[in-house]
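The values are calculated or read from the model by the stated rules, or taken from the named source; none is laboratory data. All figures in this text were calculated on a predicted structure; none of them were measured in a lab. Glycine also receives a Cβ, built like all others from the backbone with ideal geometry; neighbour counts cover every protein chain displayed. Protein only, heavy atoms only, side chains kept; ligands, DNA and RNA dropped before computing areas. Shrake-Rupley method; radii C 1.70, N 1.55, O 1.52, S 1.80 Å.
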Amino acid sequence: MATTINAKNLPEYVGKTVGTSSWFTITQQQIDTFGDATHDHQFIHVDPVKAKETPFGGTIAHGFLSLSLLSAISYEAGLQLENMTMGLNYGFEKVRFLQPVPVNSKVRGKMTLSEYTEKRPGQFLFNWLVEVEIEGASKLALTAQWLTMTMISIPVPPQSAVSELS
């Protein structure tokens, strides 16, 4: 589960690994479903017989399938702010696919908060370093500098406190 903190404590997390997700197994059915959803039916992903003849020795996950797991990884290994109303995918500064993910591999992600900016009151832009590893492999599957936006509701002071300020 993601770590929930108050926004005023964000400086304590900059430069630190916030969490590591559990392992996710990449199945052939998942690869095939992703291929159907994205119209990417390249044989190295969806044809186990033909893919066996490649240097990979079998099918591999789409790079974008591995990247799309960042959302699930963040639910377990990221930060949530108290009074959060929503979180948004803001984009990427850099993505590198370093090694293919073979079918039936297990992957997990580690999230490190590189920096954050409060763009407007209650609107936080996060810059994450995310590393996705393959169980038993010496090399990462991918690294990404991922930008996310988190919105929080800012508590309104009680009416009596507002009257006292006037």
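Report in % the part of the accessible area of the chain that belongs to carbon and sulfur, leaving out ligands and nucleic acids; probe 1.4 Å.
Of the solvent-accessible surface of the chain, carbon and sulfur hold 52 percent.
For helix 28-38, report the angle its Cα long axis makes with the longest principal axis of the Cα atoms of the chain; keep it between 0 and 90° and round to the nearest 10°.
Tilt of helix 28-38: around 70 degrees.
Quick check on the chain: helices-only [θ] at 222 nm, where DSSP H runs of length 4 and up contribute -39,500 (n - 2.57) each and the sum goes over total residues. Nearest 500, please.
Values: 6 runs with 40 residues, N = 166.
One gets -6000 deg cm²/dmol as the mean residue ellipticity at 222 nm.
Between Leu88, Leu147, Leu113, find the one with the highest GNM mean-square fluctuation for the chain; connect C-alpha pairs within less than 10 Å.
In this elastic network of the chain, the residue with the biggest mean-square fluctuation among Leu88, Leu147, Leu113 is Leu88.
Identify which of Glu118, Glu76, Glu12 has the largest mean-square fluctuation in a Gaussian network model of the chain, with springs joining Cα atoms closer than 10 Å.
Glu12
Give me the mean projected area, in nm² to one decimal, of the convex hull enclosing the Cα positions of segment 1-99. Walk me through the numbers before you get to the answer.
Working: hull surface 32.8 nm².
Result: 8.2 nm².
Which aspartates and glutamates, if any, have their Cα less than 20 Å from the Cα of Lys8, not counting same-chain residues under 8 positions apart?
Within the straight-line cut-off, Lys8 pairs with Glu82, Glu115, Glu118.
Given H placed on each backbone N at 1.01 Å, which residues far from Ala141 in sequence or on other chains put an amide H within less than 5 Å of it?
Long-range HN contacts for Ala141: Val132, Glu133, Ile134.
Tell me which trypsin sites (Lys or Arg not before Pro) from segment 1-109 have a DSSP coil assignment and no more than 11 other beta carbons within 10 Å of their own.
Lys16, Lys52
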